[in-house]
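Visitor: This is the structure, below, for whatever I ask next.
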Amino acid sequence: MSISDPHNRHNLSTTGPGLPGVTKDTQQRQICIFCHTPHHATSVTPLWSRDLSEETYIPYVSTTLRATSRPGQPSGASRLCLSCHDGTIALGMLAGERQIATLPQLPAERASNLTSDLSDDHPISFSYASAVTSNSGLRQPQELPVQIQLEDGNLECTSCHDPHRDLYPPPAKPTESGKFLVLDNNASSALCTACHSRAGLTDGAHYLSDDACGKCHAPHKAQQLQRLLKGQTLQDTCLQSCHNGSGPVSTTGSNIQAMLSQPKAHRSSSGLLSGSHDAAENPLDFTSANSHVECVDCHNPCLTRHETTPLSNPPWINGRLIEVTLTRAADGTRTMATREYEICFKCHDSVPFTLAASVTVSRKIPTLDESARFSPDNPSYHPVMAAVRGADVAPVPSLRAEILGTSRQLTVGGMIYCSDCHNPHGAPPPITHLLVAEYQHTSQPYSYSNFELCYRCHREEIIMSPAQSSFPNHKSHVDPDPVVDPLGRHTGKEVPCSACHDPHGVPVTLGGTTTANAHLINFDTNIVSPATPVPVYTATSPGHGSCTVSCHTTGSPDPQTHAY
């Protein structure tokens, strides 16, 4: 619509749509005079009729702003816009203290009152070309659509806004103005992507609806200044309009908010996590001072993809984990994750901090470095980083044909994802360790449900059969016979799987000590070693050995040795 249109908010005359005496004059019928005059104009082009604000502005800053010509004090057309929009000069005040009626400054509560603090607004008054680098995701100046006009090479307010023309006349958009945008940003964020054109951006799962970028970003008055996010934290941004169960999964995504509300969850509000994510950080630089876990540590929200088929090719990442940064060089060059476990190991690796408070199982061979525990150099490991080697890849009777609850086959030489066992977003009680099913690690009466996690892959009827299990004493360990021996002791122990097995694996070397533990044997010392120096695992041949332990018995905790 033109400036004279009665719906155009820059029409401040009596014919405009504003509030009389606030954003609309009660007497003046001239329209252009609020900004321009044909005679006695100021020295500012084009025939400017207003004084410019003398405010000193706080510019936008960001660790990822690559412009060598950093935003400073507003210049050019931006300075003209701010003569109204910083809220310091009355709308009806013209140069030379000429007053048009009594129009005051923009009310402080108006979204259009940007104030002199521009740190929460899209950067302006910088050389656009100086921001275009090989990894900035910006189009070259000559590639910009004709609607995006630079002023002397600088990006200014008028690069995005045309003050004379509002794009959406009612009734096409009866509930909002077009914000004077030069391109229809409600059509899949066309204005944003006119400049921001990183490869794959418009193919992302979040690029689905009108104003896709606006779901997370606010070009003006952003809650989180850097990257202009709408939420006060990154997690808030993801949850406030989407991922909160307020709509169907097809439009608002999974209800992550409900998962994060569980006692065990990956969330930035955890007291163990003191820092916050910065898009320019190098994950290798994590320390105890800035340890954190936020949505963008594991996801790239701009490039994430929908999955149309079940995950079926471990360890390779799926669309939801695409373009996640593993390392970032000083020049911005990044190494991206290609395997799911690499993203987990960003924190659960040999980083200089550990979440020690989350440790509930004390192991004979202790380490929280998951890359060491899952290493294919170990004598035994769950096949997360590599398939199981050699003779161990032969069909195993105790394994299911497919992972329970999925359609994925447990094939010879196959691998699994970390997410086959863990839900990184959260798990309801009594499930611990962000697991997808129950896995008890304390002594208690046996039930299938207590070890449902193990039975997603392992067959209970084989494991618990003394005649069929590769270790006949499995059943007597976890499901004791009520008969007692001559010393009055039960012949079984009611111990959990984790008493003997470490599901993540046993490092082949730790602190200079070489281990040779087969079958993921790594004792929980809270259960099997009330007396030292037991427990002891002794390898006798590949895949075979003996265990010497002192477990919970009545009477003397004599060490017992089991060979297999």
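Visitor: Within the chain, how many Lys pairs sit with Cα atoms under 18 Å apart, leaving out pairs fewer than 8 places apart on the same chain?
Guide: Counting lysine pairs in the chain gives 7.
Visitor: While we're looking at this one, here's another question. Note the angle between two axes, namely the Cα long axis of helix 76-85 and the longest principal axis of the Cα atoms of the chain, as a number of degrees from 0 to 90, rounded to the nearest 10.
Guide: 90 degrees
Visitor: Continuing with this model, one more query. For THR251 paired with GLU460, estimate the spin-label separation in nm (one decimal), with each label point 7 Å from Cα along the Cα-to-Cβ line.
Guide: 4.2 nm
Visitor: Here's a follow-up. Any idea what diffusion coefficient segment 193-333 gets from Stokes-Einstein, in µm²/s, Kirkwood Rh on alpha carbon pairs, 20 °C, 1.002 mPa s?
Guide: Estimated via Stokes-Einstein, D reaches 130 µm²/s.
Visitor: Taking only DSSP H segments of four or more residues, each worth -39500 (n - 2.57), what value at 222 nm results for the chain once the sum is divided by all its residues, to the nearest 500 deg cm²/dmol?
Guide: -2500 deg cm²/dmol
Visitor: Collect residues whose amide H, placed 1.01 Å from N in the peptide plane, falls under 5 Å from the amide H of GLU151; neighbours closer than 5 in sequence don't count.
Guide: The list, which skips near neighbours in sequence, is GLU156.
Visitor: Over the alpha carbons of the chain, what is the largest minus smallest coordinate on each principal axis, giving the biggest first in Å?
Guide: 113, 40, 39
Visitor: Okay, moving on. Any number yet on Rg/Rh for segment 1-185, C-alpha, Kirkwood?
Guide: 0.98
None of the figures in this text is laboratory data; all of them are computed from the coordinates on show. Just so we're clear, the structure is a prediction, and the values are computed from it rather than from any experiment. Cβ sites come from the backbone with ideal geometry, for glycine too, and all protein chains shown count toward neighbours.
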